[in-house]
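Structure record follows, encoded as structure tokens.
The values are calculated or read from the model by the stated rules, or taken from the named source; none is laboratory data. If you're wondering where the values come from, they're calculated on a predicted model, not measured in any experiment. Cβ: placed from backbone, ideal geometry, glycine included. Neighbour counts: every protein chain shown. Heavy atoms of the whole protein, side chains included, go into the accessibility calculation; ligands, DNA and RNA do not. Shrake-Rupley method; radii C 1.70, N 1.55, O 1.52, S 1.80 Å.
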Amino acid sequence: MASTHGIDPRAFDDPRNHYPTDDEFYASDRPADRDLPEDRPRGGGSSTTVKHRGTWATAALVAGVVLLILVGIALFP
């Protein structure tokens, strides 16, 4: 069994024992023109900044959740 794939030498002629090289294997499903256009081109977009929710809105949301938990604990001890 001197083969790199561990094939019995008596079975070398069997077509099921044909193993492609790495280059053949990975090239089999690639198109001839592998360069695809970018779906999201970099740069050149609009220069408007993204507006996020203010810190007061986030603080109010957190305070509301904490208050809801405290009211739930107080009503159902």
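Residue-wise test of (1) modelled with pLDDT of 75 or more; (2) loosely packed, with under 10 Cβ neighbours inside 10 Å.
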| position | (1), (2) |
| --- | --- |
| MET1 | no, yes |
| GLY6 | no, yes |
| ARG10 | yes, yes |
| GLU38 | no, yes |
| TRP56 | yes, yes |
| ALA59 | yes, no |
| ALA63 | yes, no |
| ILE73 | yes, yes |
| PRO77 | no, yes |
Going by the structure shown, is HIS52 modelled with pLDDT under 70 and either open to solvent by 100 Å² or more (accessible area, probe 1.4 Å) or of a type in the set (A, V, I, L, M, F, W, C) (or both)? no
